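Some notes on the structure that comes next.
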Amino acid sequence: MSNVVPFTEWMDLQGNRRAMKRTAKELDYFMTSWINDHNQRRATQGSSNEDRDFIEVMISLFAESDGQAYGCNSVDVIKATVMTLVFAGADATSVALTWALALLLRHKKVLQRVQQEIDVLVGNERFVVESDIRHLVYLQAVVKETLRLYPAAPTSLSVIWPRNSLILEKREEMSNVLRKMRAGGGTEKKK
């Protein structure tokens, strides 16, 4: 309604703002409880350097700095960082897919070759599943070339963080966690 009659925007007639606020509260509650669970586990089991996930790395960074970073509460900074990574990851995926489709539509021969490869190796009877990807060599090349031409994120994390930041000092540890996540190894502890 407010798109048509702009002066009604403050009334939130369709309930969009109310729904966004409710979702934001639920997300905040989830993130806070997740961080609190990590803090409780850390308090009862202690800090281990083996199989730490991203939240544990962030908590240990703030433990070294008395729970404050740039004048902010560590829980708030951790929540903001995780939310940024989650939403940036979703956005990066959609941006990469959009570019891949645009390039395929622009280059019909490449599109036909990808379709042929899928038809030959997968067929028309089923959808492509994750285990098929390693056999779809040409499709992999198309995806890699798309990401090379149009990267969805900065290639260096040090570009984002100031040189004297605590996070940059621990970049090796965080890089290992991110590398493990990208490799599909996950971050969950093995039992």
For this session: Tell me which residues, restricted to the stretch 6-49, are in contact (Cβ under 8 Å) with a residue 12 or more places away in the chain and either farther than 16 Å from S74 by Cβ or among the β-branched types (V, I, T) (or both).
Result: L13, Q14, L27, T32, I35
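Confirm whether R148 is at pLDDT 55 or above, exposed (fewer than 10 other Cβ atoms within 10 Å of the Cβ) and part of a helix (DSSP H, G or I).
Numbers: at pLDDT 55 or above: yes; exposed (fewer than 10 other Cβ atoms within 10 Å of the Cβ): yes; part of a helix (DSSP H, G or I): yes.
Considered against the rule, which asks whether it is at pLDDT 55 or above, exposed (fewer than 10 other Cβ atoms within 10 Å of the Cβ) and part of a helix (DSSP H, G or I), R148 comes out as yes.
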Seminar exercise, completed: Per the filter on the stretch 1-44, residues part of a helix (DSSP H, G or I) and among the small types (G, A, S) are A19, A24, S33, A43
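Out of the residues in the stretch 1-39 meeting the condition of being of a type in the set (S, T, Y) and in contact with a Ser or Thr (Cβ under 6 Å, 6 or more places away or on another chain), tell me which one is farthest from I55 (Cα to Cα).
Taking the stretch 1-39 as the starting set, the residues that turn out to be of a type in the set (S, T, Y) are 2, 8, 23, 29, 32-33.
Now restrict to residues that are in contact with a Ser or Thr (Cβ under 6 Å, 6 or more places away or on another chain): 2, 8.
Numbers: S2: 40, T8: 42 Å.
Checking each candidate, the answer is T8.
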Seminar exercise, completed: Per the filter on the stretch 68-84, residues surrounded by 13 or more Cβ atoms within 10 Å (Cβ to Cβ) and modelled with pLDDT of 75 or more are S74, V75, D76, V77, I78, K79, T81, V82, M83
Problem set entry | Options V143, V95: the member that is at pLDDT below 95, part of a helix (DSSP H, G or I), of a type in the set (A, V, I, L, M) and in contact with a helix residue (DSSP H, G or I) (Cβ under 8 Å, 6 or more places away or on another chain) | V143
For this session: Kindly indicate which of L111, L97, L103 is in the same structural domain as I55 (by TED's automatic domain parsing) and in contact (Cβ under 8 Å) with a residue 24 or more places away in the chain.
Result: L103
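The values are calculated or read from the model by the stated rules, or taken from the named source; none is laboratory data. What you see is a predicted model, and the numbers here were worked out from it, not measured in a lab. Positions of Cβ are generated from backbone atoms using ideal geometry, with glycine treated the same way; all protein chains shown enter the neighbour counts.
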